[in-house]
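Working notes, structure below.
The values are calculated or read from the model by the stated rules, or taken from the named source; none is laboratory data. Everything numeric here is computed off the predicted structure, so don't read it as measured data. When we count neighbours, we look across all protein chains shown, and the Cβ atoms used for this are built from the backbone with ideal geometry, even at glycine. Ligands, DNA and RNA are excluded from the accessible area calculation, which covers all protein heavy atoms including side chains. Shrake-Rupley method; radii C 1.70, N 1.55, O 1.52, S 1.80 Å.
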Amino acid sequence: MSNLIAMMIHGQKLFSEIMVGDVSHTSCFEVGNASIVGRALLRQLPTNDDGTIDVAVIKRSIQTPNVHNTTTRCLVLENTHNAKGGRVLPLAYLQEVADVCREHNIKMHCDGARIWNAAVALGVEPKELLVHFDTASVCMSKGLGAPLGSVLVGSAEFIGEARRARKMLGGGMRQAGVIAAACLYTLKNLYTRIADDHLMAKTLAEGIAEIGLPVLPVETNIVIWQVNPADRAAFIEKCTERGLKVIAMGPLGNVRAIPHYGNTMEEVKTALEIIRAIVIAE
Ligand SMILES: Cc1ncc(COP(=O)(O)O)c(C=O)c1O
């Protein structure tokens, strides 16, 4: 809902268009909400393997006011990028994109569901990753491990409007303190250990590569690897039977695993034994 609210507000003028990555969460996994509820056209731009969208592509995709087309009002970037395997957007890239967006009066929104992982990976504060953005959605229930909670951030004026949109969408809550308390707990106590997840993910990926399966580069906590597309469902089922939770990712034979605060390095080794055993038996 927080990404939707941001896109609704940035694209609230009639005939608006929002640029999103073609495999981003906002364009693929939210039932087209910004188009259906927010009435803005989502223009899907090709995403590179590192989670970036070429600055040249962004530039040439900008639609200026014209009787024939919608007008580009917002660009959404996802950091880290889920479908690309938790890749981190470089600071220099963000600066370059921001220069283009400012020049064309285009708002920037960050889907920062995993911004904490990006910050830890780069050794910077999350605010350094968000400095160019007008708004961001950050999530407490991914790397941080809170039971729930996406938080929308922006200027006081923007948040004033966002509260109205949230109310309209049925997201207003009264006794929200109990959620906030859990979120604060994770920020204070679990943020510092995110680097452990990254190490577990790297170890898992290295082990999977040794088994002989193609695996995407790992920068944070997401590991995506390829299995035989024809056997993907069976592979996932066999993992689940043995206690290893993985999910299908994308249209081809990719699967995803995310080591988290409830895991240990021992369990990563067990996961690798499970994967090896399944692959050998095939
Ligand atoms: C990249 C990304 N953005 C946004 C979300 C939405 O999170 P929530 O539904 O908890 O607000 C997710 C959740 O899967 C995600 O992976």
Quiz prompt | Filter result (open to solvent by less than 20 Å² (accessible area, probe 1.4 Å) and free of Cβ contacts under 8 Å to residues at least 40 places away in the same chain) within the range 243-273 | solution = Val246, Gly253, Val255
Quiz item: Which residue pairs have Cβ atoms closer than 8 Å, lie 6 or more positions apart in sequence or on different chains, and pair a first residue in the range 139-150 that is more than 13 Å from Arg114 (Cβ to Cβ) with a second residue that is in a loop (DSSP other than H, G, I, E, B)?
Solution: Ala146/Met140; Pro147/Ser141; Leu148/Met140; Leu148/Ser141; Gly149/Met140; Gly149/Ser141
Quiz prompt | the range 1-44 - residue that is of a type in the set (A, V, I, L, M, F, W, C) and assigned to a strand (DSSP E or B) and, of those, farthest from the ligand (Cβ to nearest atom) | solution = Leu41
Quiz item: All but one of (1) free of Cβ contacts under 8 Å to residues at least 12 places away in the same chain; (2) assigned to a helix (DSSP H, G or I) hold for Gln175; which doesn't?
Solution: (2)
Quiz prompt | When residues of the range 1-27 are limited to those that are farther than 19 Å from Cys139 by Cβ and small (Gly, Ala, Ser), the one surrounded by the fewest Cβ atoms within 10 Å (Cβ to Cβ) | solution = Ser16
Quiz item: If you check Ile222, Ile280, which single one turns out to be among the hydrophobic types (A, V, I, L, M, F, W, C) and at pLDDT 95 or above?
Solution: Ile222
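Return yes when Lys84 is in the same structural domain as Val20 (by TED's automatic domain parsing) and assigned to a loop (DSSP other than H, G, I, E, B) and no when it is not. Lay out the reasoning, then the answer.
On the way: in the same structural domain as Val20 (by TED's automatic domain parsing): yes; assigned to a loop (DSSP other than H, G, I, E, B): yes.
Judged against the criteria, Lys84 is a match.
Among the listed residues Glu125, Glu78, identify the single one that is of a type in the set (Asp, Glu) and in contact with a strand residue (DSSP E or B) (Cβ under 9 Å, 6 or more places away or on another chain).
Values: Glu125 fails: in contact with a strand residue (DSSP E or B) (Cβ under 9 Å, 6 or more places away or on another chain).
Only one candidate passes the filter, namely Glu78.
For (1) among the small types (Gly, Ala, Ser); (2) near the ligand (Cβ under 10 Å from one of its atoms); (3) closer than 14 Å to Val76 by Cα; (4) part of a helix (DSSP H, G or I), each residue gets a yes or a no:
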site: His109; (1), (2), (3), (4): no, no, yes, no
site: Ala118; (1), (2), (3), (4): yes, no, no, yes
site: Ala121; (1), (2), (3), (4): yes, no, no, yes
site: Val124; (1), (2), (3), (4): no, no, no, no
site: Phe133; (1), (2), (3), (4): no, no, yes, no
site: Ser137; (1), (2), (3), (4): yes, yes, yes, no
site: Leu144; (1), (2), (3), (4): no, no, no, no
site: Leu152; (1), (2), (3), (4): no, yes, yes, no
site: Ala162; (1), (2), (3), (4): yes, no, no, yes
Practice problem: Out of Ser137, Ser155, Ser141, report the one residue that is buried (at least 20 other Cβ atoms within 10 Å of the Cβ) and of a type in the set (Ser, Thr, Tyr). | Solution: Ser137
